[in-house]
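In what follows, a single structure is set out as structure tokens and then discussed.
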Amino acid sequence: MKETTNKKTIKKKLIFSCLGGLLSILITACHSINSDTFNSDTFNNKKRPSAWLTKTVKVNLPDPRFPRPFTANQLLTFYTHDKTDTLFSLIEADQDKLTIIGLSTLGVKLFHITYQKSLIETKQYLPLPQTPPVVQILSDIMLTILPIDEWQKVLPNGWSIVEKGAFRYLQENGKNIIIIKYDKDIDDPLRKPISIEHTVFGYRINIMETAS
């Protein structure tokens with residue numbers, strides 16, 4: 001009789017254990033869905049990307065048109081208030097196509113962006129809690145490498161991009177919204193961005209070129 005009771009007890013424990021495991025899986029799945037869809041308007045595949053310049057101004061990103069093909073491997077360090085995060089970005093630009101792959105410092109794939117003509121395809125594999133949204137990272141990178149004329153086509157009235165020395169400024173009615181610093185002056189065609197500061201959203205990105 002005692003043996004029968006023990007078997008029933010073990011069986012109940014197994015059932016509760018299985019239920020607990022199933023509940024854990026469901027909670028994890030729900031969390032993943034929430035993480036993936038919190039920016040559904042910007043992460044839908046095959047959709048023209050848009051990004052916020054301020055909390056009230058949103059623009060469609062310009063088409064990726066580059067005068068010459070290039071590649072870059074960058075270490076991006078994000079500073080937001082008292083938080084810091086780091087990732088690697090692999091960038092490849094070729095005429096009308098831009099590809100950006102984000103990796104953790106351990107080499108884990110975080111996101112993959114392909115932007116060609118006016119369509120974007122994005123895949124985000126893991127949440128990035130301490131960094132701007134993926135499309136915002138795309139916008140910041142494009143601000144550093146795309147010719148000013150391409151950006152001026154999509155900027156609202158009162159907005160402009162000004163370059164002085166080693167700096168590029170995105171301005172609203174003369175006020176600096178985004179400040180980009182390069183390693184060399186404007187006259188050097190091989191200059192590279194070393195930092196991006198967003199004065200409205202309160203974050204800064206330090207950029208360091210890494211070996212291929």
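Please work out which residue is farthest from residue 115 (Cα to Cα), limiting yourself to the stretch 60-86 and to residues that are part of a strand (DSSP E or B) and out of contact with any Ser or Thr (no Cβ under 6 Å at 6 or more places or on another chain).
83
Provide a single number: the residues in the stretch 171-198 that are more than 25 Å from residue 101 (Cα to Cα) and in contact with a strand residue (DSSP E or B) (Cβ under 6 Å, 6 or more places away or on another chain).
Residues that pass the stated criteria total 5.
Under the condition of being charged (D, E, K, R) and assigned to a strand (DSSP E or B), which residue from the stretch 153-182 is nearest to residue 50 (Cα to Cα)?
Of everything passing the filter in the stretch 153-182, 172 is nearest to residue 50 (Cα to Cα).
Hey, can you tell me all the residues within the stretch 162-207 that are under 14 Å from residue 139 (Cα atoms) and aliphatic (A, V, I, L, M)?
Matches in the stretch 162-207: 170, 177, 178, 179, 180, 196, 205.
Take residue 106 and decide whether it is modelled with pLDDT of 80 or more and exposed (fewer than 10 other Cβ atoms within 10 Å of the Cβ).
Here the answer is yes, as residue 106 does meet what is asked.
With the requirement that a residue be hydrophobic (A, V, I, L, M, F, W, C), farther than 16 Å from residue 144 by Cα and over 18 Å from the mean Cα position of the chain (by Cα), what does the stretch 50-74 give you?
57 - this is the single residue of the stretch 50-74 that is hydrophobic (A, V, I, L, M, F, W, C), farther than 16 Å from residue 144 by Cα and over 18 Å from the mean Cα position of the chain (by Cα).
Run down 194, 161, 186 and say which single residue is of a type in the set (A, V, I, L, M), without any contact (Cβ under 8 Å) to a residue 24 or more places away in the chain and either more than 24 Å from residue 78 (Cα to Cα) or surrounded by fewer than 16 Cβ atoms within 10 Å (Cβ to Cβ) (or both).
Answer to the check: 186.
The values are calculated or read from the model by the stated rules, or taken from the named source; none is laboratory data. Computed from a prediction, not measured in an experiment: that's the story for all the values here. Glycine also receives a Cβ, built like all others from the backbone with ideal geometry; neighbour counts cover every protein chain displayed.
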